[in-house]
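Here the structure is laid out as C-alpha cells; the discussion comes afterwards.
The values are calculated or read from the model by the stated rules, or taken from the named source; none is laboratory data. Note that the coordinates shown come from a computational prediction; the quantities given were computed from them, not determined experimentally. Note that we place each Cβ from the backbone using ideal geometry, even for glycine, and neighbour counts take in every protein chain shown.
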Amino acid sequence: MKKLRIDLADRSYDILIGRNFLSRLGDHLSYFKSARRALVVTNPVVNKFYGKVLSEGLQSAGLEIECAEIPEGEAHKTLYDAQTVYDHLIENQYDRDSLLVALGGGVIGDLTGFVAATFLRGVPYIQVPTTLLSQVDSSVGGKTAVNHPQGKNLIGAFYQPRLVAIDLDTLRSLPPDEFRAGMAEIIKYGVIEDPKLFAFLEKNSEKILNQDTKCLETIIETSCAIKAKVIELDERESNYRMVLNFGHTIGHAIEALTSYSQFKHGEAVAIGMVYAAKLSCQLGKCSEGVVQKIEALVEKFGLPSNLPQFSAGEYIATMYRDKKAHNKNIRFVLVRDIGTVEIVDRVAETDIQKVLAS
Ligand code: NAD
Ligand code: GLY
C-alpha cells in the first residue's frame, strides 16, 4: 500500500493507493474514532460490484453502515439528487459525528462531497473513487459540486475529504471507454508538469491499456502526487491550480455544445489539449514537434483529437459562458514544452478563430 500525504494544515489528508483493500478499509479509519455511523453514497452499478465488500470493510471499524443510491449518470448530479441524500440523513437522524463515504466515479464523488460540505454545515467524508478519472483527478483536491440546468458544476464548494482510498482492483470492472477517458487527465499531468511521465505513457501505452499492475501503480501514484502538489500550493484556484485546466477551455465548450451527451469529459479534454497545443504553437509558445507529440499520445490511447463541427462563433460564445472565463476574457493554459505550461488570461478572439479553423 502506498500512502501520499496532501498537506493543507488542518485540512490535510492521506491518499491510499493499493489493491484489494476495500474489505479492510476500516483499518485505516483511526481518524474517525468518534464516528458511529457511515452513509455510503453510490449508484446501482458500482454498488453491485463493491457495495457489500466496502460495507463489510467499514463495519470492521465498528461503524453502523447504511447505503444511499443515486441513479447512474451525469444527469443525476443535481440538487434534486443531493436532496434525496439529505432526506435520508435527516430522516435517519444522522449527526455531525457521522461520516459520508463516496463510492463511485466523479459524479458520486462530487455530489457526496457537496452534501458533506453542506449537511449540518459540514460533516466529514471520504472518497473511494472507482473510475480512472476519479482516482487521478476528481477525488483529490476538494472541488465538490452539483450541476444546474444552466451549466455544469455551478453550485458547489471547496471542501476537502478526510481520506482518499484508491483500490486499483476496482478498475477491472470499468468499461474500456471510461478507462481511456481517464487517461486524458493523466496525459494532462505529463504535459503540465512531468516530461518523465509523458515519456512513460509514450513507451507503455499498450501495457497501460491492458491494465498492467506496475504501470497502473506508477501512473496513478505520479498523477496523484502532481495533483497533491498543485493543491498544496493553491487550494482554492486563485491562480496556479488553473494549470489543471489544460485542455479544458475548448474541452468544456465541446461538452456544452454537444449537450454533455456525445463525449465523455476525458474525451473532450483530449481534443481540447490538442487544440490548446496548436494554439500555443500558433502563438509562438511551442514548436510544432510538441503539438505532434501531444496529438500522437492522445491518439495512442484511442482518444479523439478532432473538433466536432460547430462554427468558431458557437465555440467562442460557449467559452465566454464557461465559469472559468475570467473578467469576460477567455483564459487558456498554453504549453511551452512537455512539462511546462503558462496561464494566459487573455487570448484574442482572432487567434482562437484561427486555431479552430486549423
Ligand atoms: P462517472 O462518475 O459518471 O462514472 C462513469 C461511469 O462508470 C458511470 O456509468 C459509473 O456508473 C461507472 N463506474 C464507475 N466505477 C465503475 C467501476 N469500477 N466499474 C464499472 N463501472 C463503473 O464519470 P467520471 O469520469 O468518473 O467522473 C466525471 C465527473 O467528474 C463529472 O461530473 C465531472 O464534472 C467530475 N469531475 C470533477 C473533478 C473535481 O475536481 N471534482 C475533476 C474532474 C471531473
Ligand atoms: N480538475 C481540476 C481541479 O481539480 O482543479
| Looking at Leu39, is it within 23 Å of Ala145 (Cα to Cα), more than 16 Å from ligand 2 (Cβ to nearest atom), touching a residue at least 12 places away in the same chain (Cβ under 8 Å) and surrounded by fewer than 23 Cβ atoms within 10 Å (Cβ to Cβ)? | no
| remark: If we ask which residues in the range 129-157 are more than 14 Å from the chain's Cα centre (by Cα), farther than 17 Å from Tyr260 by Cα and not β-branched (Val, Ile, Thr), their number turns out to be 2
| task | Considering only the range 130-243, give the helices (runs of 4 or more DSSP H) lying wholly within it that have at least 2 residues that are within 12 Å of ligand 1 (Cβ to nearest atom) and among the aliphatic types (A, V, I, L, M). | result | 176-193, 213-233
| note | The lone condition Ile108 fails out of (1) in a strand (DSSP E or B); (2) under 24 Å from Ala184 (Cα atoms) is (1)
| Give me the pairs: first residue in the range 85-107 and touching a residue at least 40 places away in the same chain (Cβ under 8 Å), second residue of a type in the set (Ser, Thr, Tyr) and surrounded by fewer than 21 Cβ atoms within 10 Å (Cβ to Cβ), beta-carbon distance under 7 Å, and six or more apart or on different chains, which are they? | Asp97/Ser34
| remark: Of the residues in the range 99-149 that are of a type in the set (D, E, K, R) and within 13 Å of ligand 2 (Cβ to nearest atom), the one that is farthest from Ala75 (Cα to Cα) is Asp137
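Rundown of residues vs (1) under 24 Å from the mean Cα position of the chain (by Cα); (2) assigned to a helix (DSSP H, G or I), yes/no style:
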{"position": "Lys285", "(1), (2)": "no, no"}
{"position": "Gln292", "(1), (2)": "no, yes"}
{"position": "Leu303", "(1), (2)": "yes, no"}
{"position": "Asn306", "(1), (2)": "yes, no"}
{"position": "Gln309", "(1), (2)": "no, no"}
{"position": "Tyr320", "(1), (2)": "yes, yes"}
{"position": "Val333", "(1), (2)": "yes, no"}
| said: Please verify whether Tyr94 is farther than 19 Å from Glu185 by Cβ, within 11 Å of ligand 1 (Cβ to nearest atom), in contact with a helix residue (DSSP H, G or I) (Cβ under 9 Å, 6 or more places away or on another chain) and at pLDDT 95 or above, treating the condition exactly as stated. | reply: no
| request: Starting from residues that are among the small types (Gly, Ala, Ser) and surrounded by 15 or more Cβ atoms within 10 Å (Cβ to Cβ), keep the ones in the range 163-198 and report whichever is farthest from ligand 2 (Cβ to nearest atom). | output: Ala165
| field | Residues of the range 51-66 satisfying the condition of being in contact with a Gly (Cβ under 9 Å, 6 or more places away or on another chain) and buried (at least 19 other Cβ atoms within 10 Å of the Cβ) | value | Gly57, Leu58, Ala61, Leu63
